[in-house]
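The values are calculated or read from the model by the stated rules, or taken from the named source; none is laboratory data. Because the structure is a prediction, the values reported are computed rather than measured. We place every Cβ from the backbone using ideal geometry, glycine too, and count neighbours over all the protein chains shown.
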Amino acid sequence: MSFDPSRHDTYPDPLIQGLLRSVKSIALVGFSNNSARPSYFVTKYLIERGYTLYPVNPGLAGQTYFGATVYASLADIPHPIDMVEIFRNSEAAGPITDEALALDPLPKVLWMQLSVRNDEAAARAEAKGLTVIMNRCPKIEYGRFSGEIAWNGVNTGMISSKKPLLGVKSWQKRTI
């Protein structure tokens, strides 16, 4: 089957939901320790939802965030990885994909974050049997399928500044 870029313009909900249910370990390439950066709160969110996260950032290697050790590269992670999430720009996605394709065993999924798309890298990954998702955020997709996004007034037609009363000390977490 040849690579068809138009298949990556939209994805069927059952595909995304199935991936989020089957994946257990995620290497997040481009992790930042800056709490204002999306890669920071996506890492925190996914760990809180039960995923095993392996943050990847050579400048932070050896440090620990949310109980997860940061690695310098994908090759440094001493465990099999189900999904590689690329939190870098589209150009950087190419070399990161090649690094993922050098792993043994191969990951099942290559996921490129919002605004990240690299059709050439996707074609290489698909040729090796990986499922590729581009220009999507697993945190947003998880929240959409679990119903958590609706709790915050998104897509409900009602937005409030009042904090939901879902628990005494913490937010309730829903699953997909």
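From the list Ala127, Ala92, Ala122, the lone residue that is modelled with pLDDT of 95 or more, over 18 Å from the mean Cα position of the chain (by Cα) and of a type outside the set (Val, Ile, Thr) is Ala127. If Val42 satisfies all but one of (1) out of contact with any Cys (no Cβ under 8 Å at 6 or more places or on another chain); (2) surrounded by 14 or more Cβ atoms within 10 Å (Cβ to Cβ), what's the number of the condition it fails? Failing condition for Val42: (1). Once the stretch 53-84 is narrowed to residues that are polar (S, T, N, Q) and in contact with a helix residue (DSSP H, G or I) (Cβ under 9 Å, 6 or more places away or on another chain), the residue that is nearest to Ser146 (Cα to Cα) is Asn57.
Looking at this structure, is Ser2 surrounded by fewer than 14 Cβ atoms within 10 Å (Cβ to Cβ), more than 11 Å from the chain's Cα centre (by Cα) and closer than 16 Å to Ile176 by Cα? For Ser2, the condition - surrounded by fewer than 14 Cβ atoms within 10 Å (Cβ to Cβ), more than 11 Å from the chain's Cα centre (by Cα) and closer than 16 Å to Ile176 by Cα - is not met. Only residues that are within 21 Å of Ser2 (Cα to Cα) and in contact with a strand residue (DSSP E or B) (Cβ under 8 Å, 6 or more places away or on another chain) were counted across the stretch 91-138, and they come to 20.
Considering every residue within the stretch 155-164, establish whether at least one is at pLDDT 95 or above and either of a type outside the set (D, E, K, R) or in a loop (DSSP other than H, G, I, E, B) (or both). No, the conditions are met nowhere in the stretch 155-164. Quick one: which of Val116, Val132, Val70, Val109 is out of contact with any Lys or Arg (no Cβ under 8 Å at 6 or more places or on another chain), surrounded by 18 or more Cβ atoms within 10 Å (Cβ to Cβ) and within 13 Å of Gly30 (Cβ to Cβ)? Within the list Val116, Val132, Val70, Val109, the selection yields Val70.
The selection criterion, being closer than 17 Å to Gly143 by Cβ, surrounded by fewer than 20 Cβ atoms within 10 Å (Cβ to Cβ) and of a type in the set (Gly, Ala, Ser), does not hold for Gly59.
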